[in-house]
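Visitor: I'd like to ask you about the structure that follows.
The values are calculated or read from the model by the stated rules, or taken from the named source; none is laboratory data. Owing to the predicted nature of the structure, the values given are computational and were not obtained by experimental measurement. Heads up, the Cβs are rebuilt from the backbone with ideal geometry, glycines too, and the neighbour counts pull from every protein chain shown. When the accessible area is computed, the model is the full protein with side chains, heavy atoms only, and any ligands, DNA or RNA have been set aside. Shrake-Rupley method; radii C 1.70, N 1.55, O 1.52, S 1.80 Å.
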Amino acid sequence: MQVPEEFWVIGAEVARPGKAAAARTLHVRNGAVEAWIDDPDWRPEHGQVLDANGLLMIPGICDLHVHLRDPGLTYKEDIETGTRAAVASGVTSVVCLANTQPVNDCPEVTQYIRERARTVGWARVLPVSAATIGLEGKELAPYGLMREAGCVAVSDDGNTVPVAGVMRRVLEYAASLDLPVLPHCEDRSVRAGGVMNAGPVAVRLGLPGNPREAEEIALARDILLARLTGAHLHVQHVTTAGGVELIRRAREDGVRITAEVCPHHLFLTDEAVEELGTHAKMAPPLRTAHDVEVLRQALADGIIDAIATDHAPHAPHEKDQPFEAAPDGIIGLETLLPLALRLVDEDVLDLPTLVERLTAAPRRVLGQKPAPLSEGEPADFALIDRKLHWRYDAASGCSRSRNSPFDGWDFEGRVVMTFVDGVCRWNLHESGQSVESSPWRPVQGVASS
Amino acid sequence: MPDLLGLRGVAGEQILAWIRHARAMQEILQRPVAKVPALRGRRIALMFFENSTRTRMSFELAAKSLGADVLNFSASGSSLAKGETILDTAKTISALGADCMVVRDGHSQMPAYLSQHLEEPVINAGDGTNEHPTQALLDLCVLAQLWQGRFEDRLLVIVGDVARSRVARSHLWAARALGHRVRLVGPRQFFEPGLVEAFGCELTSDLDAGLRGADAVMALRVQKERRQQGGPWLSSQLDYFRTYGLTRARLQQHGEAVPLLHPGPVNRAMELAPDLLYDADRSQIQTQVQTGVALRMAVLYWALGGSDEQIVERVHAGT
């Protein structure tokens, strides 16, 4: 769909962080928000309008944790397919991790990612610099050059920096350049080769356990180092009740700490491994029902700031192996929004709070202006049909991979259009996806005065 | 297809049937010509992706004693070394005409995974830290003999490297089916979180307390080769032997001649005092090995021919 330089979106119920949802008209001009018009009956005298009556509008989602696999692992995903999966879920900013081949530890790789995103991407792509060269936990990556090339944060992700003294330097240097550090808190030596949550389910399956303490020990270490260095620590995918408690206390103590949680850790427990096999294998692993409860509450309370997917595509032949041999990780972009809406339907949190966790909080983590879709900001937004019933079919999704534990789940509510810089980058009705149950159709016309 | 992937979920009656059938097979093995044609013309593939001596030879002998042909596979020098996946290798062996796959692999759940992709029955000969069902079954044959066929209220004490032992895990499942108790004894490094919740078994790190009341004691080999990952599991051999090693004196404190089992291979002066290994009064180790062939005959026969008692009787009669 071609979108003109100036247009109005009328009739949508608008949910923005910290604001009560209300029917408003959005005026977009040259890719940015020109103005909001509160009077629901107001119509422009001339120009293009998009009738979004019956739809919910939210600011574009920022996903802090995505593996686009590009460069080097493009048989799993690439920048085109990964960002396509993003906009299908209303995600307009994709923060991509550094474990590509080659690793994003030099500005040339960052430049490649940015250039590919500009030419074939559907969403904004914000690369993360490796914390250490080659993710090896030894030498610092050139954060100054990386920031200049467009990196927004620093992380070795799943290659948790093993030595505390190295992590100290990572935090010091990142803090010098105002870059947040995103640790995957998991002590490898305590994990000791564990492949799922340590506990009775792992014992029954004969699989080595990955105890919660592996997460809590690494998290406690990094909190102390953040206190020492004054760096901004953004904890990736917290999974344990104990981890939540550590974050809460650290924040009370004045440590600069934020945290994210993944949708799968809010909906599944380690029992899922019995049924779903390797599509329920990821690190950190699925925990227990008690952890799910605590994580949900922490997200509602704001102890956990953001929802992020840890979208980790793997090819079918890689996941179709015995549990121990298969790689960690599941895809999550296309199920992000429907699962998030389910949190509202299950009364975990209200809609404005959810929108805050998906849009404003991640931007705050990255040091961006935390008021998306305010006047003058880019016109990044999604239009959602809350009444659309649909079934997620991973095989026919946008991602190149299909390793999802939510394959076959029924959802209520789906993104019908996503705009980035005022340009429509996702239109469900033109996407080839099945939409027979959707009553809404995009209607665009010239305003009648 | 009748797979034997583990003893998880296997009914006590089935276990007792295998034990009964193994006894019939044992009689065949005692004949001058220890061979029957029950599985003549059937091909049994032994796919050992991990080293093994006794289990492999035991399966091979079992297959041959039933007249089957054996396809032997060894990982080194195979197409696996050329980068083929285990599944592709298994499918190739299947296409060659194997009727049954006996699988050992270092990954837990590998036999279960292969059975999802193969038509032929799959028998687990040990998978990672998960299960080693035929070893536990042959131990149970020995115990059935020692305990006059009554498992209820008996106490099997398993000493040693229990946490990641596939033998111990198969025994824990079997105990749930047969109704005897299992107590695990060893240093805490060997106890996986969740063991008690999963099995309701007893755990202790005090060897003398652990041996109390035992109706049989099984020592497990300390799997030094599995200790690459996860930090220092043990201090020294001497330290382990003094703390958790079984000696005649130690066993004597707990009644006359409590039977001693060990799935082998044995680390002498680590799990067992050197003189215990062939202690005729206690050690069941040679019996275990002999029983293993018969038990595996019973399992192979069941996998390929069915579990009908009459057929077993015919085997027994040598027809």
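Visitor: Can you pull out the GluC sites (Glu not before Pro) in the range A:1-85 whose DSSP state is coil and whose Cβ has at most 13 other Cβ atoms within 10 Å? Don't skip to the end; give the middle numbers.
Guide: Details: sites: A:GLU5, A:GLU6, A:GLU13, A:GLU34, A:GLU45, A:GLU77, A:GLU80; in loops: A:GLU5, A:GLU45, A:GLU77.
Passing sites in the range A:1-85 are A:GLU5, A:GLU45.
Visitor: Rg and Dmax of the range A:195-271, Cα atoms, in Å?
Guide: 14.1, 44
Visitor: Give me the angle, in degrees from 0 to 90, between the Cα long axis of helix A:212-229 and the longest principal axis of the Cα atoms of chain A, rounded to the nearest 10.
Guide: Helix A:212-229 and the main axis of chain A meet at about 80 degrees.
Visitor: Size of the protein assembly as shown along its principal axes in angstrom, Cα-based, largest extent first?
Guide: Extents along the principal axes: 105, 56, 46 Å.
Visitor: Would you mind putting A:154-165, A:326-337 in packing order, based on average other-beta-carbon counts within 10 Å, highest first?
Guide: Ranking, from highest mean packing down: A:326-337, A:154-165.
Visitor: A further question on this structure: Give me the inter-chain shielding for B:190-197: mean count of other chain Cβ atoms within 10 Å, whole number please.
Guide: 6
Visitor: Here's something else I'd like to know. Other chains near A:206-217: what is the mean number of their Cβ atoms within 10 Å of each residue's Cβ? Before the final figure, lay out each step's value.
Guide: Working: counts 18, 8, 9, 7, 1, 3, 1, 1, 0, 0, 0, 0.
Mean number of neighbouring Cβ atoms from other chains: 4.
Visitor: Post the alpha-carbon centroid distance, the range A:359-435 to the range B:125-166, in whole angstrom.
Guide: 54 Å
Visitor: Using the Cβ atoms and a cut-off under 10 Å, what net charge is assigned to the surroundings of B:TRP173, where Lys and Arg are +1 and Asp and Glu are -1?
Guide: After counting each charged neighbour, the total is +3.
Visitor: Okay, next question. Got the relative contact order for chain B handy, in percent, Cα pairs under 8 Å and 6 or more residues apart?
Guide: 22 percent
Visitor: Work out the length of the dipole vector of chain B about its Cα centre, built from +1 on the beta-carbon of each Lys and Arg and -1 on the beta-carbon of each Asp and Glu, and round it to the nearest 20 debye.
Guide: Working: 35 positive and 34 negative charges, 99 e Å.
Computed about the Cα centre, the dipole is about 480 debye.
Visitor: Right, next: Counting Lys +1, Arg +1, Asp -1, Glu -1, what net charge surrounds B:PHE151 among other residues with beta carbon under 13 Å of its beta carbon?
Guide: -1
Visitor: Related question: Averaged over A:256-265, how many beta carbons belonging to a partner chain fall within 10 Å of each residue's beta carbon?
Guide: On the way: counts 0, 0, 0, 0, 0, 0, 0, 0, 0, 0.
Taking all residues of A:256-265 together, the mean is 0.
Visitor: Then there's this: Which one, B:LEU114, B:PHE190, B:LEU71, is farthest towards the positive end of the dipole of chain B when Lys and Arg carry +1 and Asp and Glu -1 on their Cβ?
Guide: B:LEU71
Visitor: Quick check for me: using +1 on Lys/Arg Cβ and -1 on Asp/Glu Cβ, what's the dipole size of the range B:133-287 about its Cα centre, in debye to the nearest 20?
Guide: 340 debye
Visitor: Among the GluC sites (Glu not before Pro) within the range A:163-230, which fall in a DSSP loop and have no more than 11 other Cβ atoms within 10 Å of their own Cβ?
Guide: On the way: sites: A:GLU172, A:GLU186, A:GLU213, A:GLU215, A:GLU216; in loops: A:GLU186.
Answer by residue number: there is no such site.
Visitor: Now for a different question. About its Cα centre, how strong a charge dipole does the protein assembly as shown have in debye, to the nearest 20, once Lys and Arg get +1 and Asp and Glu get -1 at the Cβ?
Guide: Around 2460 debye, computed over the protein assembly as shown.
Visitor: A follow-up question, please. Over chain A, how many pairs of lysines fall under 26 Å by alpha carbon, counting only those 8 or more apart in sequence or from different chains?
Guide: The number of close lysine pairs in chain A is 5.
Visitor: Please list, by residue number, every one of the trypsin sites (Lys or Arg not before Pro) in the range B:44-128 that is coil in DSSP and has at most 15 other beta-carbon atoms within 10 Å.
Guide: Passing both the DSSP loop test and the Cβ count: B:LYS82.
Visitor: Looking only at B:GLY305, B:GLY106, B:GLY255, which one moves most when chain B is put into a Gaussian network model with springs between Cα atoms under 10 Å?
Guide: Residue with maximal mean-square fluctuation among B:GLY305, B:GLY106, B:GLY255: B:GLY255.
Visitor: For helix A:289-301, report the angle its Cα long axis makes with the longest principal axis of the Cα atoms of chain A; keep it between 0 and 90° and round to the nearest 10°.
Guide: Helix A:289-301 sits at roughly 50 degrees to that axis.
Visitor: For B:LYS91, go through the lysines and keep the ones whose alpha-carbon is under 17 Å away, minus same-chain ones fewer than eight residues off.
Guide: Filter leaves B:LYS82.
Visitor: I've got another one for you. Running a GNM on chain B with Cα contacts under 10 Å, which residue among B:GLY160, B:GLY194, B:GLY213 ends up with the highest mean-square fluctuation?
Guide: For chain B, modelled as a Gaussian network with Cα springs under 10 Å, the answer is B:GLY194.
Visitor: Right, here's the next one. Relative contact order of the range A:59-365: what whole-number percent is it, with Cα pairs under 8 angstrom and at least 6 residues apart?
Guide: Normalised by residue count, the contact order of the range A:59-365 is 16 percent.
Visitor: Further question on the same structure: State which stretch of chain B is the longest one without any exposed GluC sites (Glu not before Pro), exposure meaning a DSSP loop state and at most 15 other Cβ atoms within 10 Å.
Guide: B:153-255
Visitor: Along the Cα→Cβ direction, 7 angstrom out, place labels at A:ASP393 and B:LYS91. What is the inter-label distance in nm?
Guide: According to this spin-label approximation, the distance is 2.4 nm.
Visitor: Express the accessible area of the range A:59-365 per residue in Å², computed with a 1.4 Å probe while the remaining protein chains stay in the model. Intermediate values should be presented prior to the final figure.
Guide: On the way: 9460 Å² over 307 residues.
Accessible surface, normalised per residue, equals 31 Å².
Visitor: Let me ask something else about it. Among A:PRO263, A:ALA153, A:CYS185, whose Cα lies farthest out toward the positive end of the dipole of the range A:59-365, if unit charges sit on the beta carbon of Lys, Arg (+1) and Asp, Glu (-1)?
Guide: Towards the positive end, the residue furthest out is A:ALA153.
Visitor: How charged is the neighbourhood of A:THR240? Take every other residue with its Cβ under 10 Å from the Cβ of A:THR240, and add Lys/Arg as +1 and Asp/Glu as -1.
Guide: -3
Visitor: Here's something else I'd like to know. Expressed as an acute angle from 0 to 90° and rounded to the nearest 10, what is the orientation of the C-alpha long axis of helix B:54-65 relative to the principal long axis of chain B?
Guide: Helix B:54-65 and the main axis of chain B meet at about 40 degrees.
Visitor: For the range A:305-401, what relative contact order do you get, as a whole percent, if you take Cα pairs closer than 8 Å and at least 6 residues apart?
Guide: On the way: 68 pairs, mean separation 28.8, N = 97.
Taking the mean separation of contacting Cα pairs over the length of the range A:305-401, I get 30 percent.
Visitor: Identify which of A:ASN99, A:ASN403, A:ASN427 has the largest mean-square fluctuation in a Gaussian network model of chain A, with springs joining Cα atoms closer than 10 Å.
Guide: A:ASN427
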